[in-house]
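Data first, discussion second: the structure below is written as structure tokens.
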Amino acid sequence: MTWDSLRVRVNDFAIRSFRDSADRDYICARMAFRARLTPQFLWASLQAIEKYFKCIHVLNRVPLPKQRGLGHNLSALYDLTTRECFDVRLSEGSKKLIEHLDNYGRFRYLEIPWHVLGYERFDLDRAVWEIRRYCRVFPGNTRQEELAGIEHSAAHPPHRFRLEGGLLEKILTDKKHPARRALIWQNYHFASRTRKRVRVGGMHFENAPLSLYPEMLDDVCKYAYLPQAVVEAYKKDLAARVKDGSVRVLLP
């Protein structure tokens, strides 16, 4: 295998394994939000953005970081991209969504309470549009020019920006594709035409069982795995509640 063919195959891996997979996660997240399956929306959103960043890293040959734990840490992946690749221009709304997903999206088993205020789906559409623009190969001789073109794309209607060979673009073009309706529903950023307005949803939240009854922490840990950070947080919470008398711990 020649060096050129290896480079092409690694790039193909990045596009198909990360960018295309992220596109599918993104559509799943939109479907979950519409169906009010909010925890699934948060998890799929985190998965999508995580894979877009990883696509950028592979395309730009960023070595795996020595420290572990970056997999589901979107803020750390974003910082790594800015430090090792280029400045990914994100709006404040996209940065806040990343922070929200870091706080709530990585917990799949209702370990902690969650909430959405209703505009998170719109923020996801915008964040995906902003990050995904960089999920492409930048030839060395035109790299700066093409990066400048990406920055200028924000001055035009978002639906005009298209990635060559992108899965979302293929779905948008194929009016019979079964995922197309879920993609374009109330979508300002990925559509076949300019939209003047989109609707957003309402507020939803759920308390976690452990947040209501932290005194059952030790028993839960006997039968189910909880991240160590979650265990420590509930231990502190339980100690504070016992101290102020709001919780009585039952002794065996």
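The values are calculated or read from the model by the stated rules, or taken from the named source; none is laboratory data. These numbers were taken from a predicted model, which means no experiment stands behind them. Positions of Cβ are backbone-derived with ideal geometry, glycine not excepted, and every protein chain shown enters the neighbour counts. Just the protein is used for accessible areas: all its heavy atoms, side chains included, with ligands, DNA and RNA removed. Shrake-Rupley method; radii C 1.70, N 1.55, O 1.52, S 1.80 Å.
Might you report the magnitude of the Cβ-based charge dipole of the chain about its Cα centre, with Lys and Arg at +1 and Asp and Glu at -1, to the nearest 20 debye?
Values: 43 positive and 30 negative charges, 191 e Å.
Charge dipole, the chain, about its Cα centre: 920 debye, nearest 20.
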How big is region 65-165 in terms of Cα radius of gyration and Dmax, in angstroms? 15.6, 49
Straight-distance crosslink candidates among lysines, where the alpha carbon sits under 27 Å from residue 95 and sequence neighbours closer than 8 are dropped: 51, 54, 66, 196
When ligands, DNA and RNA are left out and all protein chains stay put, how many square angstrom of accessible area per residue does the chain have with a 1.4 Å probe? 59
Work through the residues other than residue 174 whose Cβ is under 12 Å from its Cβ and net out their charges, Lys, Arg +1 and Asp, Glu -1. +4
Probe 1.4 Å - accessible area at residue 206, Å² to nearest ten: 80
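Summarise the long-distance tail of P(r) for the chain by giving the % of C-alpha pairs beyond 22 Å. Don't skip to the answer; put the middle values down first.
On the way: 19006 of 31626 pairs.
I get 60 percent for the Cα pairs in the chain exceeding 22 Å.
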Over region 113-252, with a single point scatterer placed on each C-alpha, what log10 of the ratio I(q)/I(0) does the Debye formula yield at q = 0.19, 0.20, 0.21, 0.22 1/Å? -1.09, -1.17, -1.26, -1.34
What Rg and what Dmax come out for region 1-123 when only alpha-carbon atoms are used, in angstroms? 15.5, 52
Nearest 10 degrees is fine. How inclined is helix 92-104 to the longest principal axis of the chain, computing both from alpha carbons? 40
Please report the relative contact order for region 80-215, taking Cα pairs under 8 Å with a sequence separation of at least 6, and give it as a percent rounded to a whole number. 35
Determine the share of the chain's accessible area contributed by carbon and sulfur atoms, expressed in whole percent, with a 1.4 angstrom probe. 54
Overall Cα dimensions of region 152-206, principal axis frame, Å, largest first: 40, 31, 20
Please give the solvent-accessible surface of residue 215 in Å², to the nearest 10, using a probe radius of 1.4 Å with every protein chain present. 80
Express the C-alpha Rg of region 1-65 as a ratio against the empirical globular expectation 2.2 N^0.38 Å, rounded to two decimals. 1.36
